[in-house]
1. Given the conditions (1) at pLDDT 95 or above; (2) among the aliphatic types (A, V, I, L, M); (3) within 21 Å of A147 (Cβ to Cβ), which single one is not true for V126?
2. Within region 92-125, take every residue that is part of a loop (DSSP other than H, G, I, E, B) and of a type in the set (D, E, K, R) and give me the one that is surrounded by the most Cβ atoms within 10 Å (Cβ to Cβ).
3. Taking the conditions exactly as written (touching a Lys or Arg at 6+ places or on another chain (Cβ under 9 Å), closer than 15 Å to A172 by Cβ, outside any strand (DSSP E or B) and touching a residue at least 40 places away in the same chain (Cβ under 8 Å)), does S152 satisfy them or not?
4. Search region 116-133 for residues that are under 21 Å from V184 (Cα atoms) and free of Cβ contacts under 8 Å to residues at least 24 places away in the same chain and pair each with any residue that is of a type in the set (D, E) and part of a loop (DSSP other than H, G, I, E, B) when their beta-carbon atoms are under 6 Å apart and the residues are at least 6 apart or on different chains.
5. Would you point out which residue out of A89, A81 is farther than 17 Å from L174 by Cα, free of Cβ contacts under 8 Å to residues at least 40 places away in the same chain and assigned to a loop (DSSP other than H, G, I, E, B)?
6. Just wondering, is there one or more residues in region 127-146 that are surrounded by 11 or more Cβ atoms within 10 Å (Cβ to Cβ) and outside any strand (DSSP E or B)?
7. Does D68 meet the test of being within 20 Å of V140 (Cα to Cα), touching a residue at least 60 places away in the same chain (Cβ under 8 Å), charged (D, E, K, R) and touching a strand residue (DSSP E or B) at 6+ places or on another chain (Cβ under 8 Å)?
8. Of all the residues that make up region 155-183, how many are in a strand (DSSP E or B) and in contact with a Ser or Thr (Cβ under 6 Å, 6 or more places away or on another chain)?
Amino acid sequence: MAARLPSWAWVTGLTVGATVAVVALAVQADHGPHPTAASVKPSTSASAGTHASAKPKPPAGPPALPADSGDGRRIVYSLGAKRLWLVDATGKQIRTFEVWPGTVTPDPGRYSITLRTQSLKGSDGVQIEHIMYFTKVEGVNIAFSNALDGASPPPAQGKKLGGIRMRKQDGAALWAFGDQGTSVTVVK
């Protein structure tokens, strides 16, 4: 004669089985085909003009290096794009990334890194590292840096801040790229 299972064992077994089934379906859905609007076929009454505009756009790459950014090995900072480019001696961009400017901005022009400091407390009270100074505006030092904790909070309103912040990994890449004397080009 077969032993009878208690009712709680049945409920537990059914719950485990249902959970396994849901997980399996979720994994299958994640790895399976994903229909998109581009794969939907138009009706036979659709006009020929709609087919031409249905072409998918190629994925966008990183923004191109600004044309008026100079020559040779340099750091290019675009005020409008809020972006830096690291450019090698042949003029090829080797890295580009977004930055978060302070409240005081430099004028477009050519500068160079005048001082590098490993770490300190920024004028906004945030611990920063990889500080690279390149000019002064209205008595405020303008420098690239990243927060030690990787955060980039918006600058405090009403304060004159010249820090141009970036993500931690971008700050490390800039620090490795730019020595004292490295050219900095600021464009609009």
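1. Unmet condition: (1).
2. So, considering only residues that are part of a loop (DSSP other than H, G, I, E, B) and of a type in the set (D, E, K, R), the one surrounded by the most Cβ atoms within 10 Å (Cβ to Cβ) is D124.
3. yes
4. Every condition considered, no pair remains.
5. Result of the check over A89, A81: A81.
6. no
7. no
8. 3
The values are calculated or read from the model by the stated rules, or taken from the named source; none is laboratory data. Fair warning: this is a prediction, and the values are worked out from it, not measured in the lab. As a convention, Cβ positions derive from the backbone with ideal geometry for all residues, glycine included, and neighbour counts pool all protein chains shown.
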